[in-house]
Amino acid sequence: MPYLVALFAIVFALSPFLTPGFGGFDPDQFPIPQINPPVQPAGYAFGIWGVIYVWLIIGTLFGAWQRRDDPQWQGMRPPLLISLIVGAAWLPVALASPVWATLLIWIMWASACAALMRAPLKDRWLARAPVGLYTGWLTAASCVSIGLLLAGYGWTGQMPAAILSLGLALVISVLMMRQRPDALAFPIGVIWALVAVCVANIGGSMPVLALAALGAVLLLALLGRNLQQG
C-alpha cells in the first residue's frame, strides 16, 4: 500500500502531460455555453496544482521510505489511493463529459476528505499538510463543477449557480475545519480559490465577488483561531 500510494501520486502528477490540451471545460461542452461563468476562478489559480502534485509526491515517498509500517499512516492510505487513482483518470473524462467529470471529482473529494480525517498527527508537513491542501482545493473545484452544471444545463442562471456553489463550498469548509482544526493547509486551498473567484469577478458579478470575499475572510479568521489554539 505505501508504494502504491507513492506510485499513483506520481501518475497523478504526470496526468496533465499525458492528456495535453485541457484548460478547463470548453464552453460548448454544455447545452448552454458557459462563457466567463462567475463561479470559475481566475486562470492563474490553477497553478496551485503544481504545489499539490509536488507536495503529495514528497509526502507519499517519505511515507513509503520512512513510515511503511507506521500504524498512524495506515488509515490514511486506502482512501488517498482511491482519490489519486480517480484523479489520474479525471482529465480524459473531463475532455469528454462535464457530467461524468463532476461525478468523479466528487469521488476524489470524498476519498480525499476521508484520508484527511485519518491523516497522522505526526509528520504534519508530510502527511496532513499536502493532503489538506489537496482536499481544500478539491472542495472548491468540486463545488465549481456543480455551479457550471447548474448554469450549463439551464437549471439556474449563472449568478444563482455561482452563489449556490460557493455557499456549498463554504459550508463544507467550515464543517471540515471544525472536524479537523489541525489541518491548517485545508482552508488555504479554499481561500486561494475564493480569492481567484474575486479576481475573476472584478468588473463582473458584484454579488459573487462579495460572497467569495466574505467567505475568504471568514475562513481566514477561522484559520487564525485554529492557529492560536494549536
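Read the figures in this text as sums done on the coordinates, not as results from a lab. Because the structure is a prediction, the values reported are computed rather than measured. Positions of Cβ are backbone-derived with ideal geometry, glycine not excepted, and every protein chain shown enters the neighbour counts.
A few remarks follow.
- None of 31, 37 is exposed (fewer than 15 other Cβ atoms within 10 Å of the Cβ), in contact (Cβ under 8 Å) with a residue 12 or more places away in the chain and assigned to a loop (DSSP other than H, G, I, E, B) except 31.
- Residue check, residue 152 closer than 23 Å to residue 176 by Cα and either in contact (Cβ under 8 Å) with a residue 12 or more places away in the chain or out of contact with any strand residue (DSSP E or B) (no Cβ under 8 Å at 6 or more places or on another chain) (or both): no
- Matching residues, segment 185-204, being surrounded by fewer than 19 Cβ atoms within 10 Å (Cβ to Cβ) and either outside any helix (DSSP H, G or I) or of a type in the set (Lys, Arg) (or both): 202, 203, 204
Matching residues to (1) more than 18 Å from residue 19 (Cβ to Cβ); (2) outside any helix (DSSP H, G or I); (3) touching a residue at least 24 places away in the same chain (Cβ under 8 Å); (4) touching a strand residue (DSSP E or B) at 6+ places or on another chain (Cβ under 7 Å):
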site	(1), (2), (3), (4)
88	no, no, yes, no
100	no, no, no, no
104	no, no, no, no
108	no, no, yes, no
112	yes, no, yes, no
116	yes, no, yes, no
121	yes, yes, yes, no
124	yes, yes, yes, no
134	yes, no, yes, no
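- Within segment 161-182, the set of residues being surrounded by 15 or more Cβ atoms within 10 Å (Cβ to Cβ) and farther than 25 Å from residue 128 by Cβ comprises 161, 162, 163, 164, 165, 166.
- Residue satisfying condition, being under 23 Å from residue 57 (Cα atoms), surrounded by fewer than 18 Cβ atoms within 10 Å (Cβ to Cβ) and under 16 Å from the mean Cα position of the chain (by Cα), within set 137, 125, 106: 106
- Breaking point among (1) within 17 Å of the chain's Cα centre (by Cα); (2) exposed (fewer than 15 other Cβ atoms within 10 Å of the Cβ); (3) within 26 Å of residue 166 (Cβ to Cβ); (4) not polar (S, T, N, Q), for residue 46: (2)
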